[in-house]
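The structure appears right after this line, and notes come after that.
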Amino acid sequence: MMTKRTEGLLFLAGFALTIPAANWLIGNAGTVCVPNGPCLIPVAPGLMAPSGVLMVGLALVLRDMVQRRLGVWAGAGAVLVGAALSAFLAPPALVLASALAFLFSEAADMAVFTPLQKRGLLLAVVASSLVGLVVDSLIFLSVAFGSLDYLAGQIVGKALMVAIALPLIALVRRRDIARGW
């Protein structure tokens, strides 16, 4: 049987991997790559978003799970380390945008998740992720591109990733109850 700590470390590793993946995707993978801009993917009919949205939406959920398994200080530390990694790994033109968006979105996620998790894990993950993804989208697009042209796509893309992760969160919650965690 896996321990809470082991699960937390696995969530932390997954969280850390989303950062370089998001930075790589935005500059290298998409159905369209805008000159001096992001690579884009369709997230809904007629709606495009920078491809990094896939990993950012997942990062918000994984940070919540790091906190759930390893505690609030580990979650806070993950945010700070993640912001530093984001700045270090982002393409030069996106360093400031990536680091600021990551830091503030994950901090907003944490501020909402922390009090809500006592009322229900799924509620906390959904609410905190929604707040975090809006903050991330607003900051990243404003700083990186000076435009909110892709805001709707960013929000939809990240929300889709959160929705895809919810069955895993429900499974974690059921296991927590069964184990008395």
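Being among the hydrophobic types (A, V, I, L, M, F, W, C) and more than 30 Å from Thr6 (Cβ to Cβ) is a property that Ala59 lacks.
When Leu96, Leu103 are checked against the criterion of being surrounded by fewer than 22 Cβ atoms within 10 Å (Cβ to Cβ), within 11 Å of the chain's Cα centre (by Cα) and at pLDDT 85 or above, Leu103 stands alone in meeting it.
Can you name the residue in region 52-74 that is buried (at least 24 other Cβ atoms within 10 Å of the Cβ) and over 13 Å from the mean Cα position of the chain (by Cα) and is also farthest from Leu121 (Cα to Cα) among such residues? Result: Gln67.
You will find that of Thr3, Thr114, the residue that is within 21 Å of Ile169 (Cβ to Cβ), among the hydroxyl-bearing types (Ser, Thr, Tyr) and surrounded by 15 or more Cβ atoms within 10 Å (Cβ to Cβ) is Thr114 and no other. Could you please let me know if Ser98 is among the hydroxyl-bearing types (Ser, Thr, Tyr), within 25 Å of Pro35 (Cβ to Cβ) and in a helix (DSSP H, G or I)? When the stated conditions are applied, Ser98 passes them.
Filtered by the rule that a residue be part of a helix (DSSP H, G or I) and more than 18 Å from Met161 (Cα to Cα), region 14-49 gives Gly27, Asn28.
The values are calculated or read from the model by the stated rules, or taken from the named source; none is laboratory data. Only a predicted model underlies this, so the values are computations on that prediction, with no experimental measurement involved. So basically every Cβ, Gly included, is an ideal-geometry build from the backbone, and we count neighbours across all protein chains shown.
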